[in-house]
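**Student:** Provided herewith is a single structure, encoded as structure tokens, for subsequent inquiry.
The values are calculated or read from the model by the stated rules, or taken from the named source; none is laboratory data. Predicted model, so just to flag it, every value in this text is computed and none were measured. Virtual Cβ from ideal backbone geometry, glycine too; neighbours counted across all protein chains shown.
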Amino acid sequence: LPLYGLHNFKQWHGDKQFPKIVVLTDDNTSMYCLPILTSHTEFPFDEIRLLPGEKSKTIENAAFIWNQLLEMEADRNTLLVNLGGGMICDIGGFCAAAFKRGIRFINIPTTLLAMVDAAIGGKTGVNLGHFKNQVGLFIPADEVIIDPVFLDTLPKRELIAGYAEVLKCGLIYDIKLWDILKNKHPEDIKDWTAVIEKCTSIKQEVVKIDPKEKGLRKILNFGHTIGHAIESFSLENDDVPLLHGEAVAIGMIAEAWLSWKKAGLSKEALDEIISCISRIFPGYEVQKPAIDDLIHYIIKDKKNVSGEIRLVLLEKIGKAVYDIKCSLEEIEEALDYYYSLK
Ligand SMILES: NC(=O)c1ccc[n+]([C@@H]2O[C@H](COP(=O)([O-])OP(=O)(O)OC[C@H]3O[C@@H](n4cnc5c(N)ncnc54)[C@H](O)[C@@H]3O)[C@@H](O)[C@H]2O)c1
């Protein structure tokens with residue numbers, strides 16, 4: 001299980017006596033989070049800093065990190081500390097796994113999304129052009145240290161976006177969690193610890209059964225087939241692109257509608273899901289993609305089998321099913337449904 005509380009970092013790295021520690025940050029986590037980490041624990045370190053945002057999760061930046069590590073004379077005993085959101089955890093884990101055939105790394109997630117999702121479960125990687133997560137490895141962090149203190153400086157928009165993955169946990173696995181979350185608003189939650197612990201334990205339970213996503217783990221992708229396509233389209237076309245969690249929220253609405261159409265989700269449950277998600281995620285001023293704009297993203301989705309689109313859908317709230325074949329026409333209908341809500 002992850003360790004809760006930053007005080008754990010001191011003991012964790014102290015026990016292991018790393019000759020060198022490198023902290024990977026982006027401009028924001030360098031400014032807001034690094035001082036919090038170092039005020040808990042003084043330790044000698046080098047820093048590698050990236051520009052913030054999804055656009056930094058590139059193979060070019062991976063090469064930049066490897067070059068920086070070389071310049072810092074990092075060796076196989078170096079520890080990489082990924083201090084940031086999902087972007088930093090994903091690229092940092094990937095770089096650590098490949099540098100000199102693998103150095104140790106830990107994730108200290110600083111966004112809600114990374115605390116409940118990206119920092120745990122061992123998926124690492126980078127985007128290729130506009131295609132998300134096309135190159136990467138399954139490799140668990142040596143440790144994950146979670147402390148909600150970082151959420152104090154997280155912009156509201158990012159906090160709310162992270163809530164999409166929190167809602168997803170309830171929808172796919174735990175109706176009791178959903179019932180607690182569905183009437184709340186993320187900005188009103190003062191103590192995040194219980195919610196984060198619940199979501200991480202769901203993710204870990206699923207990942208433990210199916211670490212390499214051959215079966216059950218696919219359920220964690222609910223909302224993501226359509227969500228990733230919309231996210232990629234938005235990154236390419238919008239001046240202020242959608243955040244990952246915002247795109248997943250749209251994807252969950254569209255895929256909940258498909259669940260009602262194809263997987264036995266009741267109309268009542270569909271209405272409940274739509275009303276909760278649209279309350280927290282009102283419409284965005286983004287261009288509506290035509291299905292032709294999304295096809296090439298959807299086809300590249302890693303859950304497809306032999307070119308056929310396979311979705312994760314909900315049989316009921318708290319129970320997801322995976323590998324459900326779906327046509328492009330059905331996806332188009334689902335998107336029309338989402339845009340008709342506005
Ligand atoms: N590996 C996985 O299993 C997995 C799961 C879900 C998502 N992801 C990936 O995670 C990424 C999205 O992660 P994210 O939403 O955390 O985005 P992010 O890492 O880009 O962080 C969002 C923004 O918040 C800023 N920030 C981070 N922590 C802060 C803090 N405490 N205070 C102030 N600002 C802070 C960052 O600088 C950035 O501008 C996507 O690339 C997605 O593909 C990976």
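**Student:** If we scan segment 129-145, do we find a residue that is over 30 Å from Leu311 (Cβ atoms), more than 10 Å from the ligand (Cβ to nearest atom) and among the hydrophobic types (A, V, I, L, M, F, W, C)?
**Tutor:** yes
**Student:** Cβ contacts < 8 Å: first residue closer than 15 Å to Gly84 by Cβ and modelled with pLDDT of 95 or more, restricted to segment 28-54; second residue in a helix (DSSP H, G or I) and among the acidic types (Asp, Glu), any location; separation 6+ or different chain. Result?
**Tutor:** Arg49/Asp27; Leu50/Asp27; Leu51/Asp27; Pro52/Asp27
**Student:** Of the conditions (1) over 22 Å from Glu187 (Cα atoms); (2) in contact (Cβ under 8 Å) with a residue 24 or more places away in the chain, Glu268 clears all except one; give me its number.
**Tutor:** Glu268 satisfies every listed condition except (2).
**Student:** Suppose we keep only residues that are small (Gly, Ala, Ser) and surrounded by fewer than 16 Cβ atoms within 10 Å (Cβ to Cβ) within segment 1-38. Which one would you say is farthest from the ligand (Cβ to nearest atom)?
**Tutor:** Gly14
**Student:** Out of Asp90, Asp75, I need the residue that is of a type in the set (Asp, Glu), on the phi < 0 side of the Ramachandran plot and surrounded by 21 or more Cβ atoms within 10 Å (Cβ to Cβ). Which one?
**Tutor:** Asp90
**Student:** Looking at Ile250, is it in contact (Cβ under 8 Å) with a residue 40 or more places away in the chain and on the phi < 0 side of the Ramachandran plot?
**Tutor:** yes
**Student:** Look at Thr41 and say whether it is surrounded by fewer than 18 Cβ atoms within 10 Å (Cβ to Cβ) and out of contact with any strand residue (DSSP E or B) (no Cβ under 9 Å at 6 or more places or on another chain).
**Tutor:** yes
**Student:** Look through Ile253, Ile298 and report the one residue that is under 20 Å from the mean Cα position of the chain (by Cα), crowded, with 16+ Cβ neighbours inside 10 Å and at pLDDT 95 or above.
**Tutor:** Ile253
**Student:** Do we have any residue at all in segment 155-168 that's basic (Lys, Arg), surrounded by 21 or more Cβ atoms within 10 Å (Cβ to Cβ) and under 30 Å from Ala269 (Cα atoms)?
**Tutor:** Scanning segment 155-168, I find at least one residue that is basic (Lys, Arg), surrounded by 21 or more Cβ atoms within 10 Å (Cβ to Cβ) and under 30 Å from Ala269 (Cα atoms), so the answer is yes.
**Student:** Mind listing whichever residues of segment 228-241 are buried (at least 24 other Cβ atoms within 10 Å of the Cβ) and not polar (S, T, N, Q)?
**Tutor:** Scanning segment 228-241 gives His228, Ala229, Ile230, Glu231.
**Student:** Just one of Asp271, Asp323, Asp239 is at pLDDT 90 or above, charged (D, E, K, R) and not in a helix (DSSP H, G or I); which is it?
**Tutor:** Only one candidate qualifies: Asp323.
**Student:** Does Ile209 count as within 13 Å of the ligand (Cβ to nearest atom), surrounded by fewer than 23 Cβ atoms within 10 Å (Cβ to Cβ) and modelled with pLDDT of 95 or more?
**Tutor:** Spelling it out, it is not the case that Ile209 is within 13 Å of the ligand (Cβ to nearest atom), surrounded by fewer than 23 Cβ atoms within 10 Å (Cβ to Cβ) and modelled with pLDDT of 95 or more.
**Student:** On to the next question. Just checking, how many residues over segment 170-183 are farther than 19 Å from Ala254 by Cβ and part of a helix (DSSP H, G or I)?
**Tutor:** 7
**Student:** Further question: For residues that are surrounded by fewer than 21 Cβ atoms within 10 Å (Cβ to Cβ) and either near the ligand (Cβ under 8 Å from one of its atoms) or in a helix (DSSP H, G or I) (or both), tally how many sit in segment 100-121.
**Tutor:** Adding up the residues that qualify gives 2.
**Student:** Have a look at Val144, Val166 and point out the one that is in a strand (DSSP E or B) and at pLDDT 95 or above.
**Tutor:** Just one listed residue meets the conditions, Val144.
**Student:** Right, something else. When segment 147-191 is examined, which residues are found to be in contact (Cβ under 8 Å) with a residue 60 or more places away in the chain, within 12 Å of the ligand (Cβ to nearest atom) and in contact with a Phe, Trp or Tyr (Cβ under 6 Å, 6 or more places away or on another chain)?
**Tutor:** Within segment 147-191, Thr153, Lys168 qualify.
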